[in-house]
Amino acid sequence: MEQKITMGQHGVLNVPMHPTVPFIIGDGIGPDIWRAAVRVFDEAVEKCYAGERQIVWKEVLAGEKAFQETGEWLPKETLDVFDTYLVGIKGPLTTPIGGGIRSLNVALRKALDLYVCQRPTKWYEGVPSPVKHPEYVDMVIFRENTEDIYAGIEFASGSEEAGQLQDFLKDELKVDYSFSNSTGLGIKLVSEEGSKRLVRAALEYAIMHKKPSVTIVHKGNIMKFTEGAFKQWGFDVAEKEFGEQTYTWGQWERTKNEKGQEAANAEQREAEASGKVIVKDIIADNFLQQILIAPRDYSVVATMNLNGDYISDALAAMVGGIGIAPGANINFKTGHAIFEATHGTAPRFAGTDSMNPSSVILSGVMMLDYMGWHEAADAITAALAKTIKEKLVTVDFYNLMEGATLLKTSAFADEIIERL
Ligand code: NAD
């Protein structure tokens, strides 16, 4: 009998001993890195639970393989399987060019309403980095995954729709802007529910993992009713729903106005000492500067879709690049989650068994943690860290490290398995 992960009470998953977990092998380098990663997952689970637990992998199709076999890029059956089994993992997928689906990843997130894109960024000893102190970077990004300009509501310059929308803005809404025929238009959408559920997830994570702060990153100084509203809704959630466990900069501001700065500072120090999560905000451009200058000031980050996209890559670069950057797309309400390597298909390297599988391996670690199989997750993280520390690496790291040993993707997985 097939065993399924289900959503239990109070948002806690029920995970059976032999859960069926769907996977998409991915395009380009996907098959190489997946084959390496899955051996690591299976060995770790086998070792940690003495054979009592086991993941039953179920392949589902998407991307080029799906197109070749079914004529569709993202068959409905694939979506149904992810829907049924709740938790899955995927390799990178080619973005089909022209017509139909804009991006398979976006389509998957949309279909399952995976509203949190969660990306931890942490440095592993020995990983080449362009900054002096990569060990200071230890952040978890919560990027809103369903709104913002990613909603895809755009009209090309010169199109009839763009003209109609311009007329509506000028005539009905009295917008004072000199549009021209060559102006394209896009719509930025930010809702209270969308913002609050994202920030709520970040706060719950910070509280559960005893993190010092949640920083709301936004561009509210310019976009007041979208990014500015996101910030305000974020602070509202913190104060109304997590008042006991958090201390917000909004509260600091109020105390400062009533009792002066000294009193506000004292209040914040007291909150920090009592282990409350400090909820603060920062303008996005300043944040991109601060992560380079003072990365230790930031821990959990809550941000909107586009900011999150930029921030994820900037932080990933600081700790070793996309070859080692894992990610997850999660709906904490329904339990649906798809874990994924954050890089693309690197098609030039397809079938070369040379690329770094760390991104998909660490995505699997996130998945095991999400399932509550922490022992297996920790074992893999430790073995991977040890392998890199011993300078046994794939070509991306090899090129930037002195005295390293160059390994194929599959051999790198062998070394991790040996160290489990
Ligand atoms: P890419 O991430 O595929 O590759 C860029 C470069 O990064 C590669 O040339 C390679 O040097 C390096 N790289 C990527 N993965 C690596 C790994 N595991 N180890 C070592 N080095 C690695 O980006 P791209 O070339 O812009 O995109 C190629 C395709 O992938 C496009 O079709 C794009 O739409 C798609 N894409 C998919 C995803 C996804 O499925 N999540 C994400 C981004 C891009």
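Details
- Residues that are over 23 Å from ALA201 (Cβ atoms), out of contact with any Ser or Thr (no Cβ under 6 Å at 6 or more places or on another chain) and surrounded by 12 or more Cβ atoms within 10 Å (Cβ to Cβ), drawn from the range 264-285: ASN265, ALA266, GLN268, ASP285
- Residue tally, condition more than 16 Å from the ligand (Cβ to nearest atom) and within 24 Å of ASN331 (Cα to Cα), over the range 23-48: 1
- Condition met for GLN54 (under 18 Å from VAL365 (Cα atoms), surrounded by fewer than 17 Cβ atoms within 10 Å (Cβ to Cβ) and free of Cβ contacts under 8 Å to residues at least 60 places away in the same chain): yes
- Some residue of the range 195-210 being small (Gly, Ala, Ser), open to solvent by 30 Å² or more (accessible area, probe 1.4 Å) and closer than 24 Å to SER299 by Cα: no
- Among the residues making up the range 288-309, those that are among the hydrophobic types (A, V, I, L, M, F, W, C) and out of contact with any Asp or Glu (no Cβ under 7 Å at 6 or more places or on another chain) are LEU288, ILE291, LEU292, ILE293, ALA294, VAL300, VAL301, ALA302.
- Checking each residue in the range 34-74 for being hydroxyl-bearing (Ser, Thr, Tyr) and within 26 Å of the chain's Cα centre (by Cα) picks out no residue at all.
- Highlighted here are the helices (runs of 4 or more DSSP H) found entirely within the range 313-420 that include at least 2 residues which are modelled with pLDDT of 95 or more, of a type in the set (Ser, Thr, Tyr) and open to solvent by less than 10 Å² (accessible area, probe 1.4 Å): 358-370.
- Number of the condition not met by THR226 [criteria: (1) outside any loop (DSSP other than H, G, I, E, B); (2) within 20 Å of the chain's Cα centre (by Cα)]: (2)
- Test: ILE89 is within 14 Å of the ligand (Cβ to nearest atom) and surrounded by 21 or more Cβ atoms within 10 Å (Cβ to Cβ): yes
- The single condition among (1) touching a residue at least 12 places away in the same chain (Cβ under 8 Å); (2) surrounded by 14 or more Cβ atoms within 10 Å (Cβ to Cβ) that GLU154 does not meet is (2).
The values are calculated or read from the model by the stated rules, or taken from the named source; none is laboratory data. Predicted model, so just to flag it, every value in this text is computed and none were measured. Reconstructed Cβ throughout: ideal geometry from the backbone, glycine too, with neighbour counts over all protein chains shown. Remember, those area values only see protein heavy atoms, side chains included, never the ligands or the DNA or RNA. Shrake-Rupley method; radii C 1.70, N 1.55, O 1.52, S 1.80 Å.
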